[in-house]
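First up is the structure itself, then whatever we jot down about it.
Just so it is clear, none of the values below were taken in a lab; they were calculated from the coordinates. What you are looking at is a predicted structure, and each value in this text was computed from that prediction instead of being measured. Please note: Cβ atoms are built from the backbone with ideal geometry, for glycine as well, and neighbour counts cover all protein chains shown.
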Number of protein chains: 2
Amino acid sequence: MLSLLDLRARIDAGRLTPDGAIGLVREAIAHREPEVGALVCVDAAPVIPARGPLAGIAVGIKDIIDTADLPTRMGSSIYETWRPRADAPVVARLKNLGAVPLAKTTTTPFAFLDPTPTRNPHDPGHTPGGSSAGSAAAVAAGMLPLALGTQTGGSVIRPAAFCGVVGIKPSFRLLPTVGVKCYSWALDTVGLFAASVADAAHALALMADRPAIAHMGDAGAPRIGIVRQEFCAAPDPEAEAALAKAARAAERAGAMVRDLALPGTFGEAFAVHGTLQDYEARQALAWEYATHRDALPPLLRAALDAAQGIETPAYDAARRTAHHARRGLKDVFSENGFDVLLTYAAPGAAPAGLANTGDSRFNRLWTLMGVPCVTVPVERNAAGLPVGVQVIARFGDDGRALAAAGLVERALRG
Amino acid sequence: MLSLLDLRARIDAGRLTPDGAIGLVREAIAHREPEVGALVCVDAAPVIPARGPLAGIAVGIKDIIDTADLPTRMGSSIYETWRPRADAPVVARLKNLGAVPLAKTTTTPFAFLDPTPTRNPHDPGHTPGGSSAGSAAAVAAGMLPLALGTQTGGSVIRPAAFCGVVGIKPSFRLLPTVGVKCYSWALDTVGLFAASVADAAHALALMADRPAIAHMGDAGAPRIGIVRQEFCAAPDPEAEAALAKAARAAERAGAMVRDLALPGTFGEAFAVHGTLQDYEARQALAWEYATHRDALPPLLRAALDAAQGIETPAYDAARRTAHHARRGLKDVFSENGFDVLLTYAAPGAAPAGLANTGDSRFNRLWTLMGVPCVTVPVERNAAGLPVGVQVIARFGDDGRALAAAGLVERALRG
């Protein structure tokens with residue numbers, strides 16, 4: 001994979017120019033893209049800033065994020081020829097930092113569950129996950145050092161795990177969702193994919209203009225709560241094994257590790273995620289549903305058909321349940337003295353075939369809670385496919401989540 | 001003015017068809033628009049649904065709200081020829097209810113302070129206010145029975161007061177802001193203008209799919225706290241007189257009315273509104289600022305120039321201050337036993353000239369609190385210009401705000 005910090009170090013040392021770094025990326029794309037199919041389009045002649053803390057860094061932009069210089073197709077024929085007027089603020093910010101939004105990456109249509117043609121770089125017979133399929137796969141394939149995705153259920157953490165890269169879904173609204181095609185305004189969160197925890201932390205700290213995110217130190221001896229999310233179906237043994245391995249590694253590195261059973265409030269919140277998401281999606285995609293229903297892919301069409309029946313009081317009740325759980329989560333951290341939680345990133349490795357982008361059940365509660373989540377790759381399963389874990393911190397504690405994720409990452413290497 | 005409920009009653013009784021109702025509106029537009037200048041464009045051949053609870057109701061859509069069938073110019077030359085792909089969810093919802101989004105209404109550029117050419121229907125030498133200038137003026141001029149606006153500081157409540165119409169800024173996110181050009185994602189709120197409180201309540205209840213909003217009964221004998229917002233400069237005597245008159249009328253109608261001095265927390269929250277708004281605007285309009293700064297109008301350009309200097313810790317501190325005040329506001333209501341608050345809608349009647357859209361200082365705190373606010377017209381000043389008051393309820397208590405506003409409206413008539 002291409003490390004953002006490594007590229008930047010070579011540029012800072014005068015051993016590589018920003019133009020040269022973009023050239024490396026183009027070579028990697030020429031080599032890997034035909035097999036992986038992670039990109040919707042590549043800018044043939046982008047502006048390449050000579051300066052800036054991210055100068056020379058090519059970034060993949062999930063194709064539901066508006067770009068003024070490249071089409072934005074939402075993964076849908078309805079937007080086949082669409083070109084937004086403006087860059088989304090996250091894209092404008094990247095340019096302002098010197099980065100080059102070089103390519104649009106594949107997304108499932110409107111970031112729901114219907115698959116993309118993208119293949120898992122570790123085995124083209126497997127899905128890379130979704131909905132941020134292209135962003136995860138492009139970083140995993142070494143084509144891009146950084147890519148933007150979004151998560152409404154598990155669309156960053158899950159594909160990062162399936163592709164063996166680091167993914168971060170930051171605290172809700174740490175990065176603006178303006179100019180990002182909406183599915184659920186209470187849930188949609190812009191996230192990042194990178195080759196390492198340090199790369200992801202560096203990029204997020206710059207994008208959010210909060211240097212502390214990348215400078216939490218070595219996390220000292222964090223107190224880690226192991227969470228198994230018993231309110232949903234158990235994962236595959238390989239996910240359980242990865243969680244146990246990560247926990248042992250963290251403990252060896254000095255962390256205090258303890259099991260934690262979440263109160264029933266969180267099972268209730270988990271159960272209402274779909275009500276909240278789908279009621280908002282019905283509104284967010286009302287024009288598409290009213291005027292182009294037949295052009296919607298089958299899983300999304302069925303979901304929106306069903307969503308028409310959700311009663312407004314059920315939505316209001318779901319919001320109250322989520323609000324109650326968000327408050328309760330603060331107590332879970334403080335009463336138990338935990339710095340972070342550690343849990344599954346996905347039920348197992350990437351499923352076989354491209355028809356199914358995998359299951360987000362271990363991600364949905366945390367998106368609903370709005371808390372920062374980080375995927376750390378742990379190991380390969382018997383078939384050679386990556387399996388990861390998920391590190392979770394309090395709302396606004398993105399730096400601590402990344403610091404603990406970095407500790408786990410280093411401990412697994414050591 | 002055109003009353004939505006009156007038009008609907010005539011349609012329901014078979015005395016008017018939806019086509020006929022749209023025809024009435026077109027006649028009114030032909031008669032009044034040349035003087036008022038409230039409309040950016042009118043749909044020459046819209047679909048006019050025969051059925052639906054809002055069939056026959058022509059609606060004005062503020063020109064920062066996306067429409068698939070009409071241009072969306074944001075009040076700016078940068079978007080002169082812009083046509084969005086999709087309707088914003090609020091527009092799709094109106095169509096679904098049978099309404100006709102007939103016209104786009106003028107907006108200050110990007111809903112900031114630079115004026116529109118729209119004139120106050122009560123005196124063409126005065127501003128209608130802003131930023132939802134055209135929506136307020138079109139309803140006031142009897143051209144439209146309903147119009148959508150947005151409020152980030154005081155862009156619904158203030159122009160409603162200046163134009164002598166009812167305006168409601170609902171609870172934050174009661175109506176989705178998806179497809180609405182963002183200025184500040186923590187503040188932007190979609191609101192409505194109508195000829196009476198009952199008209200506004202009926203439309204909001206339908207748009208939000210919450211019938212209770214229009215069926216709170218006659219508000220019984222509400223407990224009303226009079227708030228003078230001493231943390232900012234005092235209003236003109238005419239605004240003070242309107243507040244006193246509305247309070248007396250409410251008391252005569254059976255309300256319990258008492259003065260309420262807000263704790264210092266709210267002055268602090270008021271003071272950080274601009275930090276929060278401008279820091280987000282700098283991001284929301286980053287593309288426009290980076291690529292078309294010279295095409296931005298002077299007040300907005302100066303505001304964005306200044307916003308570049310806001311430090312991220314100041315923004316984070318502003319968010320904490322606002323969060324603290326939001327919690328405190330719940331206590332203000334419950335400890336004092338108030339159903340609603342009553343305060344100024346603006347510092348006075350519409351200023352003379354078109355260069356200045358007026359001051360939002362009596363609106364900004366309440367936008368930041370996310371609570372429902374309603375403008376009720378009270379009287380005309382010596383120059384014949386309307387002066388109104390503002391009714392405010394708890395977050396989520398939109399029905400109670402409208403019920404109390406209805407009581408004040410009736411009491412003033414009686």
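Observations
- Residues considered: B:Ala317, B:Ala201, B:Ala345. Largest GNM mean-square fluctuation over chain B, using C-alpha springs under 10 Å, is found at B:Ala317.
- Normalised convex hull volume, region A:358-409, alpha-carbon set, Å³ per residue: 65
- Label-point spacing for A:Asp259 across the identical copies (point 7 Å from Cα in the Cβ direction), in nm and ascending order: 6.4.
- Shape category assigned to region A:291-347 from the gyration tensor of Cα positions, a/c cut at 1.5: oblate
- In the assembly of identical copies, A:Thr291 has its label point, taken 7 Å from Cα in the direction of the beta carbon, separated from the corresponding points by 2.2 nm (ascending, one decimal).
- With contributions of -39500 (n - 2.57) from each DSSP H run of at least four residues, the per-residue ellipticity at 222 nm computed over chain B stands at -12500 deg cm²/dmol.
- With contacts taken as Cα pairs under 8 Å at a separation of at least 6 residues, region B:296-414 carries a relative contact order of 23 percent.
- For region B:4-214, the relative contact order comes to 20 percent (Cα pairs under 8 Å, sequence separation of at least 6).
- Look at A:Thr321, A:Thr189 and count the other Cβ atoms within 10 Å of each Cβ; fewest to most, that gives A:Thr321, A:Thr189.
- In plain terms, if you count all Cα to Cα distances in chain A and split them into 20 Å steps from zero, the share in each step is 30, 60, 10, 0 percent.
- The C-alpha radius of gyration of region A:1-74, expressed as a fraction of 2.2 N^0.38 Å, stands at 1.16.
- Each pair of Cα atoms in region B:35-105 enters the Kirkwood radius, and Stokes-Einstein at 10 °C and 1.306 mPa s then converts it into a translational diffusion coefficient of 129 µm²/s.
- Sorted by Cβ density within 10 Å, fewest first, the residues B:Thr127, B:Thr67: B:Thr67, B:Thr127
- Dividing the Cα radius of gyration of region B:4-214 by 2.2 N^0.38 Å, with N the residue count, gives 0.91.
- Spatially, region A:26-50 and region B:1-74 are offset by 49 Å when compared through their Cα centroids.
- Cα shape, the protein assembly as shown, gyration tensor, a/c 1.5 rule: prolate
- By the count of neighbouring beta-carbon atoms within 10 Å, fewest first, A:Ser155, A:Ser77 end up ordered A:Ser77, A:Ser155.
- Chain B: DSSP helices with Cα axial extent of at least 20 Å and average Kyte-Doolittle hydropathy no lower than 0.0: B:398-413
- Relative contact order (percent, whole number), chain B, Cα cutoff 8 Å, 6+ residue spacing: 19
- With a simple spin-label model that places each label point 7 Å from the Cα along the Cα-to-Cβ direction, the separation between B:Ala234 and A:Ala30 comes to 7.6 nm.
- Measuring r between the beta carbons of B:Ala221 and A:His323 and using R0 = 25 Å, the FRET efficiency lands at 0.20.
- Centroid-to-centroid separation of region A:91-114 and region B:269-328 [C-alpha atoms, Å]: 24
- Anisotropy class of region A:281-414 from Cα gyration tensor, a/c 1.5 cut: oblate
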